[in-house]
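Nothing in this text is a laboratory measurement; each read-out follows from the coordinates by a stated rule. Treat the numbers as computed from the prediction; the structure is a model and nothing was measured. Methodologically, a virtual Cβ is constructed for each residue, glycine included, from the backbone with ideal geometry; neighbour enumeration extends over all protein chains shown.
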Amino acid sequence: MFLPLDGAHAIDAKKYKYDHRKTFISPGTIALKVLITWLYWDAGYGKYSDPLQGWTLNAKPLPALDTYVRHTVAARIMYGLLGPSGLRLMTPTVVYAEMFCAPVALLGSLVGSKRIVYATIIGICSIHIGIAFTMRNTVLLSSVACVAWCIFLPSGVGTDVGFSSESKHYKRVKLEQHGASTWAKRHGLSTLIIATFACGSVWFEMFSDQCNQSHKHIWSTLLHNRWNVFVGAEEYVTWEIAPGQLADGSIVDVWSKSDEVNWNMPGAGAPCTSTARAGRWRSYPYLAELEGEDGEVLWSYLCRQWDEENRVHEAGNEGKKLLKFNFFMLQADVKPNMGFSATRKRLIHSHDCLSKTNFVEKDDGNETFDFAKGEEL
């Protein structure tokens, strides 16, 4: 995005006498600000246009924040302090903060008001820090979001916070260094690249066919620039377990890698599809519809992983070999006052680790194992 290289922090900076505290302007920095503006507006407008009005004062049965802010210790403290009515009043503020935070920061930069810019950055970063403390698996997301807002910091931020002092010499140098023609020459290539990317994003979102927006196409990953999540209130929480039978007859939870199978809701609830496995594992259940060879590879991986981690190929560990497992998705409705409904379970997949034809329909009359009750059928 910043090619061709130029500026105080580029690898060719030694060619020029740049002040490292100056604001570096290029098509890349401009495009990054525009991209952040679009992402936050898209996220806020998605909440604003929610058909169920989960982010409004009239949300029924529960406002969005009431359903999200209940899954960590900090969230429960916040819930206790504000209560349902306080969270209902706070919910709409998130929508307008997301929609107008970037435009206000751009306006502050335009009029030269550092107070407006700083206030906006502090405000939006405070929201992200709050998200990190009150929602599970959002620390990395919130941290990256806060770093992205560094692009809006005005020149002289080091001086403002007391880390450096202003240099009149460098102020004069940076004004005399390059003219408009030199700037255009140096950044012509990056302008072309960014314009191509922008046009591709518009094509992808507005004119491409559904088949073009597939995870099998590389451009789907490159051109997808939307953050339309947390659009509505969380109506239910989900989590997974995978009871499995070992060679010695014992029953374990393959998903949580536990010797015990616990059907109860983990902790105080799960705001995402995975609590036992974080990171990339959160997307694993969404691949459950894969069939044939793809499905065989997907589910057999859990068998291989269990066997490898329990060293079943070493002498004395043969009884720990995983023979088969059932993969369940469990759900519970979100109720008022931090409550949840009774748990519902749905069998997603049954897998035989010793078979290579799990996706071939067959009826061989062999006895099966009811992992839900722990007894043979």
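Taking a ≥ b ≥ c as the square roots of the eigenvalues of the Cα gyration tensor of region 42-109, is the shape rounded (a/c under 1.5), prolate (a/b larger than b/c) or oblate? Note, shape of region 42-109 comes out oblate.
For T29 and L192, the FRET efficiency from 1/(1 + (r/R0)^6), where r spans their Cβ atoms and R0 equals 22 Å, is about 0.85. Taking amide hydrogens as placed 1.01 Å from N in the peptide plane, the amide H of I241 sits under 5 Å from those of F328, L330, each at least 5 positions away in sequence or on another chain. Distant-in-sequence amide contacts of H349, defined by a placed amide H-H separation under 5 Å and a gap of 5 or more residues or a different chain, comprise F327.
Amide H contacts of E234 (H built 1.01 Å from N, in plane; Pro and chain starts excluded): T67, Y68 sit under 5 Å, all sequence-distant by 5 or more or on other chains. Using Cβ point charges alone (K and R +1, D and E -1), the dipole size of region 32-151 about the Cα centre works out to roughly 200 debye. Classification of region 271-352 by its C-alpha gyration tensor yields a prolate form. The axis ratio a/c (a ≥ b ≥ c) is 1.5 or more, and a/b outweighs b/c. Rounded to the nearest 0.05, the FRET efficiency derived from the C-beta distance between S350 and R311 at R0 = 22 Å is 0.30. Cβ-Cβ distance of K257 and V297, R₀ of 22 Å, FRET efficiency by 1/(1 + (r/R0)^6): the value works out to about 0.60.
Over 30 Å between C-alpha atoms is what I'm after, so list which of K324/K345; K60/K257; K33/K60; K257/K356 land there. Listed pairs above 30 Å: K60/K257; K33/K60. Relative to the current alpha-carbon distance between A288 and F100, full extension at 0.36 nm per residue lengthens the span by 63.8 nm. For region 286-301, 3J(HN,Hα) computed residue by residue from phi via the Karplus equation (6.51, -1.76, 1.60; θ = phi - 60°) reads 6, 9, 5, 7, 4, 10, x, 4, 4, x, 4, 5, 4, 7, 5, 4 Hz, glycine and proline entered as x.
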